[in-house]
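Asks: Supplied in structure tokens, the structure appears directly below.
The values are calculated or read from the model by the stated rules, or taken from the named source; none is laboratory data. Just so it is clear, the structure is predicted and the values come from calculations on it, not from any experiment. Here the Cβ is made from the backbone with ideal geometry for all residues, glycine too, and neighbour counts use every protein chain on show.
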Amino acid sequence: MSGETPILKRIKYCAGNWKLNKTPDETKAFIEEFRKLLSSDFSLNHNESLKDNGAAADQLKTLIFFLVYNLVTLHDSIGDLPIEFGPQNIYYENSGAFTGEISPSAAKSIGSTYALIGHSERRTLFNETDEDCHKKVQAAIAAGLTPMLCIGESLAQRESNQTQEVVLKQLKVALMGITSEFVVAYEPVWAIGTGKVATPEQAEDVHKFIREQLGKIISSKVAESTSILYGGSVKADNAKGLAEKPNIDGFLIGGASLNPADFYKVRGNLFKTQRANESKI
Ligand code: PGA
């Protein structure tokens, strides 16, 4: 690997997407269990020592996209744990007669730092379009939230060789004119919740393509510094192979993020792979 490699500069993410799961009590129990796991975790200690010696303490972020009614519980339970959180969806207005929608500025005011946008379930079940995603990306940024934009092709699109065309359109429309920081989550729809994970090579091919296209659509600087996560049936045992790929900067995890021990194991494998990659540079 050359000294020009951007691996060290990009933030790695272990992000959980809890979808429509967990009551406030279950949320509290998860955080308590996760706190116990983290407190005995070498990687947390390592992060702290990194902080001490002035190196990048935020190289690995742990993030949870929760249900909004759990926001207060999550905020109160997390306390000093190095976990950030955000809603799984936002609306593009902050207030008004929009029954059932989620205000970006209200989510921000209680401590959210990210917002998930354009998850495939939002697109397929709730008819969210690329244009909606664009407005939501803008609204997140205006509210001070970092948008995590989800993109990905269906099985039929992959089988008819349309993967690149599909993800390019999703990127171009949603990110038109965006100059602030964002994160991309590549989630092939055929891998979400199916147990069929993309191979590290399949995922890396698309991640590389996304990075190249970000260079063309926005700038090479943004392409180099933007974290691109993989999502779709990520578990502890497949995390390592995926995380070893140079353009995969972590994971968006559904099922395996619901159990603290499983989520912790994915995080640990991501952290260890990151350390191993760094030591090769
Ligand atoms: P999964 O979900 O890990 O259960 O496949 C991923 C997602 O929907 O973000």
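Asks: Take residues that are on the phi < 0 side of the Ramachandran plot and acidic (Asp, Glu) and tell me which of the helices (runs of 4 or more DSSP H) falling wholly in region 149-244 contain 2 or more.
Replies: It comes to 200-217.
Asks: Specify the residue that is nearest to the chain's Cα centre (by Cα); the eligible residues are those in region 176-199 that are closer than 21 Å to Lys12 by Cβ and more than 16 Å from the ligand (Cβ to nearest atom).
Replies: For region 176-199, the residue satisfying everything is Phe182.
Asks: Does region 218-227 contain at least one residue that is touching a helix residue (DSSP H, G or I) at 6+ places or on another chain (Cβ under 9 Å) and crowded, with 20+ Cβ neighbours inside 10 Å?
Replies: yes
Asks: If the Cβ limit is 6 Å and pairs must be 6+ apart or interchain, which residue in region 176-195 that is polar (S, T, N, Q) pairs with which residue that is assigned to a helix (DSSP H, G or I)?
Replies: Sorted first by the residue in region 176-195, then by its partner, the pairs are Ser180/Ile141.
Asks: Can you name the number of the only condition in (1) acidic (Asp, Glu); (2) away from the ligand (no atom under 13 Å from the Cβ); (3) buried (at least 24 other Cβ atoms within 10 Å of the Cβ) that Glu212 fails?
Replies: (3)
Condition check ((1) part of a loop (DSSP other than H, G, I, E, B); (2) under 19 Å from Lys240 (Cα atoms); (3) modelled with pLDDT of 85 or more) across all residues:
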{"residue": "Cys14", "(1), (2), (3)": "no, yes, yes"}
{"residue": "Lys19", "(1), (2), (3)": "yes, no, yes"}
{"residue": "Lys22", "(1), (2), (3)": "yes, no, yes"}
{"residue": "Glu32", "(1), (2), (3)": "no, no, yes"}
{"residue": "Asn45", "(1), (2), (3)": "no, no, no"}
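Asks: Can you tell me which residues in region 245-281 are of a type in the set (A, V, I, L, M), over 30 Å from Asp25 (Cα atoms) and in a helix (DSSP H, G or I)?
Replies: Result: Ala276, single match.
Asks: Across region 101-125, what is the total count of residues that are in a loop (DSSP other than H, G, I, E, B) and within 14 Å of the ligand (Cβ to nearest atom)?
Replies: Number satisfying all stated conditions: 2.
Asks: Which condition number in (1) closer than 19 Å to Leu116 by Cα; (2) within 14 Å of the ligand (Cβ to nearest atom) is the one that Ile248 fails?
Replies: All conditions are met except number (2).
Asks: Cβ contacts < 9 Å: first residue within 20 Å of Ile11 (Cβ to Cβ) and hydroxyl-bearing (Ser, Thr, Tyr), restricted to region 102-119; second residue within 14 Å of the ligand (Cβ to nearest atom) and in a loop (DSSP other than H, G, I, E, B), any location; separation 6+ or different chain. Result?
Replies: Listed pairs, sorted by first residue: none to list.
Asks: Do we find that Ser120 is under 18 Å from Gly231 (Cα atoms) and modelled with pLDDT of 95 or more in this structure?
Replies: Yes; evaluated as a whole, the condition is true for this residue.
Asks: If I go through region 129-145 residue by residue, how many of them are surrounded by fewer than 19 Cβ atoms within 10 Å (Cβ to Cβ) and either in contact with a His (Cβ under 8 Å, 6 or more places away or on another chain) or not in a helix (DSSP H, G or I) (or both)?
Replies: Qualifying residue count, region 129-145: 2.
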